[in-house]
C-alpha cells in the first residue's frame, strides 16, 4: 500500500498524470473509488481484498476524462478490461498509467499494453467452483424449470441499469435499450422487458466480458445476472476453443472459423 | 375447440432461401401455409433480437435459413451468422427458451423441395409442442395489471 | 366524486394536412367529441401532449389562434419516434391530445403596445398562435412587425400566411434566409436573424419583443434587442424542455425550481436571467 | 383527528392481521427472499419478517407501481376507443410493517401528485391503502430520519403506528387517521386502553446530524458550485438510488401495444440517467453526471421545500445502501452543512 501511495504521489508530483483513480475507505466497511488530483491526498489510497470494483469503468466517463491523463489502480480483472477496451480501440498505450496489482497484492508497473497482455495471459479466466455448481444446477433443470427460474429471477429487476453503469464494457453513449425507432426493448420493467433487456445485455457481452463481476455486485437487488455471461463464456470456450482477452484477435463474435460446428443446422 | 395452427415466422436470406422458397412455389410443391416469410439481404443481417420479437409477438416457432457455407452472396455473412446462432442457441437454452422451436437451416436457391420439407417438418414439430405458452404468458403484458415489484 | 384521469387524452381527427417545409407538417385537428371541442379553451402560448396510440406522446405548442374556434392546429418537424409516426398519419386518422398546459403570452398586458415578433426556423409555430391572436384583435395593438428567418427558402414555414402578412398594410413583415439559402427569385433579406434585426432597427418605444428560435439565435438576438433599447422585461421567449406529463410531476423540465410546464413555457428575458443555466 | 393510543398483545396482533385478510384486504408485508427483504403480498402472519432495519426497496411501489396502466386503447379501422382507468380495479390494500420513514415518504409523494392537477390514479391507490407502520427499535449507519424531520417513532404518514415494547410481546398502537380507525374497528376487542406507556423509551437512538433548513438555505447559492462534481465523480449514473427511494416520483410515459390493443403506462424513471432530459435535437440541459446529481439533491432539499413546502427525503438511507459506489446521502449532506459560507 505504501508503495502504491508513493508511486501515485510521484506520478502526480511530476505531472505525468493529472489524476489517480484508486480506492479509498468509504462509509462503514465499504471501500469506494477515489479520484486524486493533489499529491498530498494520495495518503487516502488503500488497497485490500475489499477493492473489487472495476475502476476501468471511469476511463470512459466524460467528467473524468476532462481532468486529464489518469493513472488507474488495476487488479487482474481491470487489466483484462484494459486489454479488451484496447482491442475495441477505446484505449491506447498513452491513455492511462497503469498501477497494476498482481493477484498476490504487489504493485506492478506496466509500460505498454503488450506487457499487460502478456501478464494477463498467465491467468486464464476460470469460473469459481461456486459458480460452476450453480450453472451445473441450472443445466440439470428441465427447459421448463430453467424458464421458470429465469423469469422468477429477472422479474424483480426494476431496470435501474446499475449493471450497465458499472460495466466498463458498456461504454456506448446510447444503449440499444434506449433505441426507440424501432423500440427494441420495452421501457417498462415488466417480465418481457426484463427478459429482453438481460438477454440483450448478455449477448452484447459475448466474447467481450472479462468476468469482473461488476454488474452483479452493482445490482441493488442482488440478481445474479453474471451467471448469464459466465455460462456464455464457458460455452464459447467449448465451442470456439478458447476464451482469451487479447489486443489483436478480433472479437469471437465478429470472426468465424469455416469449421465452426453446425450440427444444429439442417 | 379448433385445432392448434402453429404461427411460424421464417427469417430467410434473399439470395438462397428466399429464391428456394420461390422455387417451391413455382414447382407447385404443396407445403404447410403456417409460415410468414421475412426476407433479409443475408443471414448475417438477422439480428437475434428479431427472433426474440417474433416470440414476443406470438410466434410459436421460428425458421432461420440462408445460403449453404461458401455460397454466401457476400462471401462470409452466413459464417458470421452461424457463430452468432451458436452463442444465441446456447444462451436461449440456458434461459429455458425452447430451442426446439427455432429451426436453423441452409436452403439453396435450387432446393425447393428441401424448403417444403423444412416447413412441413417444422410445422409438425411445433404442432406437437403446442402453442408457445411460456413466452406468450410473459409477453402478453396487456392482460397484466400493475407491477408492484 | 373522483377527478378526471389527467392522463386521458382527447381524441382528435386530422382534418387537413399541410406540408410546410421539408419534414415539417401542419395538422388541422377537430375534436371527435363535439362537446369536448366546444368546451375546449386555451390561450396563446400554451402547449399540449400529442399522441399516436402505440408510439407515445410528444410535446409541442398549439399553433392556431384561440380566436379561431372549432379546431386546433399544430406544426411539427419529423424528428423522433412520435413525430415520425405523426408524419406518417393521413387525413381522417385519429390522434390523442392532452392540454392545454403552461402559461400564456400576456396579450392583455400588451394592449396599446407595438409588437415585434422575431422567429427562426421551426419556432414560428408557437409564435403564429400569438400573431394571429393579435391580428384578430388588431385594434388593440400598435405597429406589428414580424421578422422571420430560416436556413433556406424551402425551410420557411406557413408560406401562404407569410404572403398574407406581407400583403396586409397593417403588418410589417421582414423575411430572411441564411447566406447561401436563397433562391434566384428570393426577394427577402439575406443574413442571420440578429444581424437583419440590427439593420432593420425597429424602435423599442412602447414595444414588446417576442423571440422564438433555436438557442443560438436567441443567444445572439437578446443583445441586439438590448442595444435597440428593449428592456429585459419587455422581451419574451419560450423554453422548450423535454417533457412527459405536462403538469409538473414527471420531473424533467425543471430549470432550478422553475417548472417549464407550469411556470412556462413563456418567460421574459428578465425571468430567464434569474434562472440557473440549465436549459 | 387526534391520535388515539391503544395497546395490543402480540398474539392479538396476529389475529388482527387475519381479520384484515378476512376483510378482503391485500396485505403487503416485508418478506425475506434470498437474503433480501421486500414488501410482497403475504397471506399468513408467519411469513412476515420482523427482524429488519429496513427493506431493500421502499413501500412506494404499492401506491406508485413501477409500471402502471393509465388507460387502455383499441385501434379499430381509423377510429380509436379509449378505456379509462377503472378505480374499482384497485384493491383495498394494507401495507404492514412499514418503517416510519417509509410512511412519511407518502407525504412528499402525495404532494407531487397533487400540486395543481390532481392525479386520480395515485390518489385512488393512496385512499384505498392503509399504512400500518412499526416504530424502529434499531437503526444503522445509513439511517438519518432525525435529521430530516422524522424520528424512529414518527407518526406522520402512517394510519396506525405500532411500537414494540421490550421483548415485543406487547405493542403500543397509535391510531392516527380515519383509515387507521376503520382498520381497528374491524376488531376493536383485540385492542386495550393504553395504560400510559412511555414510547420514546423503546425507540432507536439516532442523533440528529444536520439541519435541513440550513441546507435548504445554503443550496440556493450553490447551483454553480464545484461541489457537485467533487461529490459525484464516482457516481456511475444508474437509477438505483431513485428506484429504492420512498419519495422519488419521476416517471416516464410509454405506450405498450400488442396488435390493435394497447395501453399507455407510466413507469419509473430517474434524473440520474443520462437520457432523462435529452431533447430530440440532441441538446441535453443536464448533459453530465454532476448536473444530474445536483438535480437529485437540489430537488429533494431545495426545489421541493420551495414549491411544495415538503422535503423530498425521509432519511431512510436506502440510496446509500443501494449505491454500488458508496454515494452516501448523509455524508454529502453533512459535507454541505460543513461548508463555511
Fill in: Shielding by partners, peptide C:252-262 (average Cβ within 10 angstrom, other chains)
5
Worksheet item: If you average 1/r over all unlike Cα pairs in the protein assembly as shown and invert the result, what Kirkwood radius do you get in angstrom?
Response: 32.1 Å
Worksheet item: In square nanometres, what is the average projected area of the Cα convex hull of the range D:212-338?
Response: 9.5 nm²
Practice prompt. Order the peptides D:121-129, C:218-226, C:103-111, C:242-250 from the highest to the lowest mean number of other Cβ atoms within 10 Å of their residues.
Written response: C:242-250, D:121-129, C:218-226, C:103-111
Fill in: Relative packing of peptides C:140-146, C:271-277 - highest average C-beta neighbours within 10 Å first
C:140-146, C:271-277
Response to the item:
When chain A is treated as a Gaussian network with springs between alpha carbons less than 10 Å apart, the largest mean-square fluctuation among A:231, A:30, A:132 is found at A:30
Worksheet item: Counting DSSP beta bridges with both partners in the range D:116-233, what percentage is antiparallel, nearest 5?
Response: 65 percent
Worksheet entry | Other protein chain Cβ atoms within 10 Å, averaged over every residue that makes up A:210-221 | 3
Item to complete: Return the whole-Å distance between the Cα centroid of the range C:1-63 and the Cα centroid of the range C:171-216.
Response: 30 Å
Fill in: Debye-sum result for the range D:96-181 in log10 I(q)/I(0), which assumes one identical scatterer on each alpha carbon, at q = 0.13 Å⁻¹
-0.45
Practice prompt. Round to the nearest 0.05 the FRET efficiency obtained for residue A:148 and residue B:27 when R0 = 56 Å and r is the Cβ-Cβ distance.
Written response: 0.80
Fill in: Relative contact order (%) - criterion: Cα under 8 Å, at least six apart; region: chain D
22 percent
Worksheet item: Expressed as a whole number of Å, what is the distance separating the alpha-carbon centroids of the range B:1-79 and the range A:186-225?
Response: 29 Å
Worksheet item: Among B:120, B:14, B:137, whose mean-square fluctuation peaks in a Gaussian network model of chain B (Cα, cutoff 10 Å)?
Response: B:137
Discussion item. How high is the relative contact order of chain A? Use alpha-carbon pairs under 8 Å, at least six apart in sequence, and give a whole percent.
Written reply: 17 percent
Discussion item. Just want to confirm a number: the relative contact order over the range D:212-338, from Cα pairs under 8 angstrom separated by 6+ residues, in percent.
Written reply: 30 percent
Worksheet item: What average count of beta carbons from other chains do you get within 10 Å of the Cβ of residues in C:5-18?
Response: 4
Worksheet, complete the sentence: The helix A:143-154 Cα axis meets the longest alpha-carbon principal axis of chain A at an angle in degrees, between 0 and 90 and rounded to 10, of 40 degrees
Practice prompt. Rounded to the nearest 10 degrees, what's the angle between the helix A:76-87 long axis and the longest principal axis of chain A, both from Cα atoms, 0 to 90?
Written response: 80 degrees
Worksheet entry | Convex hull of the range A:129-240 built on C-alpha atoms - directionally averaged projected area, nm² | 7.5 nm²
Discussion item. Can you report the principal axis dimensions of the range B:8-139 using only the alpha carbons, biggest first, rounded to whole angstrom?
Written reply: 39, 32, 18
Worksheet item: In whole angstrom, how far apart do the alpha carbon centroids of the range D:176-207 and the range D:78-128 sit?
Response: 25 Å
Practice prompt. Could you tell me whether the range D:163-226 comes out rounded, prolate or oblate from its Cα gyration tensor? Rule is a ≥ b ≥ c as square roots of the eigenvalues, rounded for a/c under 1.5, then prolate if a/b exceeds b/c, otherwise oblate.
Written response: prolate
Fill in: Residue-averaged 222 nm ellipticity for the protein assembly as shown, from DSSP H runs of 4+ at -39500 (n - 2.57), nearest 500
-9000 deg cm²/dmol
Discussion item. Between helix C:215-227 and chain C, what is the angle of the helix's C-alpha long axis to the longest principal axis, kept within 0 to 90° and rounded to the nearest 10?
Written reply: 40 degrees
Worksheet item: Let a ≥ b ≥ c be the square roots of the eigenvalues of the Cα gyration tensor of chain D; is it rounded (a/c under 1.5), or, if not, prolate (a/b larger than b/c) or oblate?
Response: oblate
Worksheet item: If packing is taken as the mean number of other Cβ atoms within 10 Å per residue, what is the order of A:145-153, B:97-105, highest first?
Response: B:97-105, A:145-153
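Computed from the coordinates by the stated procedures, all read-outs in this text should not be read as laboratory data. Please read all numbers here as calculations on a predicted model, not as lab measurements. Neighbour counts are summed over all protein chains in view; Cβ atoms, including those assigned to glycine, are modelled from backbone coordinates with ideal geometry.
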